[in-house]
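Where a number appears in this text, it was derived from the coordinates with a stated rule and is not lab data. Model, not experiment: these values are computed from the prediction. Don't worry about glycine lacking a Cβ; one is built from the backbone with ideal geometry, like all the others, and counts go over all protein chains shown.
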Amino acid sequence: IAAQAANDGTPAAKAVAAAKKFLDALDDKQRAKAIFDFDSTKKAGWSNLPITNVPRNGVRTGDMTKPQRDAAMELLAVVLSKEGYQKTIDIMNADEELATGKGKGKGGKGGGKGGKSSFGNDNYFLAIFGQPSLTQPWFVQFGGHHLGLKVTVFERSFVLTPTHTGVQPASYTRDGKTVRALGGENDKAFQLIGALDKTQLAQTI
């Protein structure tokens with residue numbers, strides 16, 4: 001399958017090749033943490049809460065070497081759209097703001113309790129359920145605080161469910177630019193609410 005995937009330009013084949021590259025980059029101990037049976041009961045082990053509240057499956061990004069982490073992010077880039085991948089990066093970077101105390105919580109207070117042990121882009125986990133295959137279903141599970149992705153790959157289909165995206169802080173500055181990871185969704189939601197009359201608003205909320 002890997003050889004076939006390497007010579008096949010389809011999205012599914014690229015996903016199989018990227019998954020194999022990631023797994024091959026791990027040592028035996030990490031690989032044992034990263035791989036689960038497709039029907040494993042562990043597949044329900046995901047959350048949007050900090051990792052200190054809910055344990056995650058897979059290998060922690062902060063425990064990966066740079067080549068391993070590059071391979072992990074390459075896999076995400078393959079199974080997500082370009083927009084979805086950027087949104088994932090922006091959510092993780094927002095969490096890094098929270099970890100360093102720059103992100104503002106309720107009441108304008110600084111970063112969340114736990115700092116680097118609970119938040120930040122080192123505290124995300126990647127796991128693969130099933131054998132990466134062009135003919136059988138398998139999926140990539142990736143997440144941490146405010147992010148829970150599960151992308152099932154089956155032949156030509158990529159299905160993102162269940163999936164959770166959130167962000168804290170809602171906006172931050174990076175390289176002199178304001179980043180709003182979920183700004184598009186937020187703006188559209190307010191536009192929708194603003195377009196409703198009082199009766200519709202009462203029925204909606």
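For the pair residue 188 and residue 70, what calculated FRET efficiency results from E = 1/(1 + (r/R0)^6), where r is the Cβ-Cβ distance and R0 = 22 Å, to the nearest 0.05? It would help to have the intermediate numbers written out before the result.
Values: r = 33 Å, r/R0 = 1.52.
Efficiency at R0 = 22 Å is approximately 0.05.
Work out the FRET efficiency for residue 49 and residue 100 from their Cβ-Cβ distance, taking R0 = 25 Å, and round it to the nearest 0.05.
Working: r = 20 Å, r/R0 = 0.79.
It comes to 0.80.
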Next on the checklist: Using Cα springs under 10 Å in a Gaussian network model of the chain, which residue among 87, 66, 116 shows the largest mean-square fluctuation?
Outcome noted: 66
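What dipole magnitude, in Debye to the nearest 20, does region 149-200 give about its Cα centre under +1 on Lys/Arg Cβ and -1 on Asp/Glu Cβ? Show your work: numbers first, answer last.
Details: 7 positive and 5 negative charges, 19 e Å.
Charge dipole, region 149-200, about its Cα centre: 100 debye, nearest 20.
Provide Rg over Rh for the chain; use the alpha carbon set for both Rg and the Kirkwood Rh (inverse mean inverse pair distance). If you can, show how the numbers build up before the last one.
Numbers: Rg = 18.5 Å, Rh = 18.2 Å.
Using only Cα positions, Rg/Rh for the chain is 1.02.
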Item to check | Amide H within-cut-off set for residue 145, under 5 Å, with H built and near neighbours excluded | outcome: 51
Next on the checklist: Please list, in order along region 197-205, the HN-Hα scalar couplings obtained from phi with the Karplus expression 6.51 cos²θ - 1.76 cosθ + 1.60 (θ = phi - 60°), rounded to whole Hz, x for Gly and Pro.
Outcome noted: 7, 4, 5, 5, 5, 5, 6, 7, 9
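How large is the charge dipole for region 85-205, taken about the Cα centre, if only the Cβ atoms of Lys, Arg (+1) and Asp, Glu (-1) carry charge, to the nearest 20 debye? If you can, show how the numbers build up before the last one.
Working: 14 positive and 10 negative charges, 70 e Å.
In debye, rounded to 20, region 85-205 gives about 340.
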Next on the checklist: Suppose every Lys and Arg Cβ carries +1 and every Asp and Glu Cβ carries -1, with no other charges. What dipole size does the chain come out with about its Cα centre, to the nearest 20 debye?
Outcome noted: 520 debye
Checklist outcome for this item: For region 157-170, in residue order, the Karplus 3J(HN,Hα) values (coefficients 6.51, -1.76, 1.60; θ = phi - 60°; whole Hz; Gly and Pro = x) are 9, 10, 10, 9, 7, x, 9, 10, 10, x, 7, 7, x, 5
Checklist entry - For the chain, what relative contact order do you get, as a whole percent, if you take Cα pairs closer than 8 Å and at least 6 residues apart? => result 22 percent
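With the Cα gyration tensor of region 110-193 giving a ≥ b ≥ c as the square roots of its eigenvalues, does the rule (a/c under 1.5 for rounded; else a/b larger than b/c for prolate; else oblate) give rounded, prolate or oblate?
Values: a/c = 2.70, a/b = 1.51, b/c = 1.78.
Taking the square roots of the gyration eigenvalues as a ≥ b ≥ c, region 110-193 is oblate.
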Item to check | Lys pairs under 24 Å by Cα in region 1-89, provided they are eight or more residues apart or on distinct chains | outcome: 27
